[in-house]
1. Arg468 passes all but one of (1) surrounded by 14 or more Cβ atoms within 10 Å (Cβ to Cβ); (2) farther than 29 Å from Ala612 by Cα; (3) assigned by TED's automatic domain parsing to the domain that holds Pro560; which number fails?
2. If you scan region 114-139, which residues turn out to be assigned to a loop (DSSP other than H, G, I, E, B) and under 26 Å from the mean Cα position of the chain (by Cα)?
3. If Phe417 satisfies all but one of (1) modelled with pLDDT under 95; (2) surrounded by 15 or more Cβ atoms within 10 Å (Cβ to Cβ), what's the number of the condition it fails?
4. Determine which member of the set Arg579, Arg631 is within 26 Å of the chain's Cα centre (by Cα), charged (D, E, K, R) and assigned to a strand (DSSP E or B).
5. Tell me, which residue of region 361-381 that is over 23 Å from the mean Cα position of the chain (by Cα) and crowded, with 17+ Cβ neighbours inside 10 Å is nearest to Tyr444 (Cα to Cα)?
6. Only residues that are under 13 Å from Leu630 (Cα atoms) and of a type in the set (Phe, Trp, Tyr): list them for region 556-605, please.
7. Got at least one residue in region 175-195 being in a loop (DSSP other than H, G, I, E, B) and in contact (Cβ under 8 Å) with a residue 60 or more places away in the chain?
8. Could you tell me whether region 474-484 includes any residue that is polar (S, T, N, Q), under 16 Å from Ala566 (Cβ atoms), in the same structural domain as Leu553 (by TED's automatic domain parsing) and crowded, with 16+ Cβ neighbours inside 10 Å?
Amino acid sequence: MRTSTLILLILYLFCNSGCNNVPKRVSSALDQAGNNRAELERVICHYRDLGDHQKLQAAYFLIENMPGKYGIHYSDVDYYAGLSIAIDSFLKHDPCPEFLDRFVADYHRNNANLPASQHVMDFDVITADFLIKNIDLAFRVWREKPWAQHLDFDEFCDWILPYRILNEPLQPWRSLMHNELEYLEDSLIILSDPKEIGLLINNVIAGKFHFSNQLGFMPILGGVDLWNIHAGLCEHRYVLITMAMRSMGIPVMMDFTFQYPSYPGNHSWTVLLDNDSRIKPFNGGEKEIRFADPAECPIGMDYYTAITTVFRNHFRYMNRSEKKLAGLPSNLRDEFIENVTGQYKGSIKGDFSVDLKNPGKSKEAVLFSFGTGPNIIPVATTKARRNRVTFKDIGAPGVYIAGYTNGETIIHCTDPFNWDGEEIRKFYTPDPGDTETVILSRKYPVTWPMTEFVSGMIGATIQGSNCRNFSNSDTIFIIEKEINCLTKIPVENNNLYKYFRYVSSDSEDIRISCIKLYKNGHTEPVTGEVYGFVSDYTTCDDYIFSNAFDNNLRSNFNAPRGSWVALEVGEPVKIESLRIMARNSQNIVEPGDTYELYYFDKGWKSLGSRVADDYQLTYDNVPKEALLLLRNHTKGRQERIFAYNNHEQGWW
């Protein structure tokens, strides 16, 4: 009896020690797995028993990089599934994407009890069966698909193998998506080209995915749920595209930028590792994509393709040096991101050096870019050995600051400076003793797609007539340049008219927010009955005529080219001035709102608050050569830095 027990004990210890005889980092990860350690050891023993060395190494890769990985698990997917069904139903009756945001916002407002969510560490829930199936399916496509043969083992581990993309819940997405997409192979001409099969997969997802800016409340769903719900923001779509392509052996990751240099925002996109060993970024899930070569930010607008720095989301630990990470701001301390700006062409990419006025003790200097409002976003780091530091591979011109971080506190070591892609052209160094008067009309620049609405007004006319159908009319004003604020424009026409109308240009649709006509010394607004004509009623635009003259910046009159909207007044009047505004994002100065102007001097300093009594604000005693920021304390959140030159706001 004792002999049998001893033999069993020896066999147990032999097997157990065999599964624990693992690389140091794997052993460390197993120690952190706690009660779930046995599940991970089962995976190791499984591939040791099979004698498949590569799959064993793949298991090691996943386990040693598992610490820190988690998913945001939600309690009930039915809410999001119901939303998806509602969106499908809505678009069948009204296919205009322009109204989808409004529908989603209303749906969410009426069903506001979101499913509860919680952070769940992978160590706590992952099973051996899940990992083994993930590894086997990943190896199957890598070993069998002709478009994956260019990947070496390390590339396979980074670009195909991982079971998660970001922080989505764990779900068996790989088998589902592979089974749904495998039929596409029959359509291929060049089997070895991952871009060809990638394009087919992209088109499948783009054909059914519904994008809405109002879906920001939705977490990154699990892969199975994403496939079934097919709705969300760009990030949801990119996760889905990455999963779908990896399920078919196409090497895809997600890249992102923390901050654009000349636009307040960040973004992510998808990138493919091609069989020429070069990355090909693309905007995954859009209906018409291109694989950018040479690599550039593939968002599609000029001011977006300019990037400060680009980072890549990895499953692999990219930096394990706690000492180095300790001196970095929180966004750059992420151990699973890699700075890959050097792999991108960029609009203008280069290096620059700058002197630090008050260098700190940190060995890592930080480059900051300006975000929305007063936010300053860390975008790059460099070694700080002396007072002069050099930042390499910065993607585009913009306004930057260099300094350090002490915890989350920023230590500014330069004034804001304008790097033009070749050299530092200007420092914004305010002098409180040298001031000027500024007149401000906006807190945020006109951005896409608003620029299209503004430029689309050029060539449109305001006409006056004493005939309701305008069979006999005069042009009293022609829009010859872009108008992006509600300043009064004089009208040089002394005739009296009973009817006035806005007529589209010959080439552009109407996207009008507000038209105001004034009489009697430019002070008295003209009112009356609103009517109009729409050239094509089969379009999905909301041609509500009254919106053009309702004095509401948040309503719009939208109609196809050839349309017009008119105002009938009681008695003929002479129009002395007008205000007109394209459909917009409501970032102009508005009467009744409270504003505060700031200038930057090692931090934001206030020049005072005031309530606007017109569509412009005047501030005296503003330091010249300052970087400025106008904030609206009443409403809105879009605010952006600017300089004041030649009596105008110049945006960055």
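1. (1)
2. Correct list: Leu114, Pro115, Ala116.
3. Checking Phe417 against (1) modelled with pLDDT under 95; (2) surrounded by 15 or more Cβ atoms within 10 Å (Cβ to Cβ), the one that fails is (1).
4. Checking each option against the conditions leaves just Arg631.
5. My answer is Ala365.
6. Matches in region 556-605: Tyr595, Tyr598, Tyr599, Phe600, Trp604.
7. yes
8. Checked against the condition, which is being polar (S, T, N, Q), under 16 Å from Ala566 (Cβ atoms), in the same structural domain as Leu553 (by TED's automatic domain parsing) and crowded, with 16+ Cβ neighbours inside 10 Å, region 474-484 yields no hits at all.
The values are calculated or read from the model by the stated rules, or taken from the named source; none is laboratory data. No experiment lies behind these values; they were computed from the predicted model shown. Note that each Cβ is placed from the backbone with ideal geometry, even for glycine, and that neighbours are counted across all protein chains shown.
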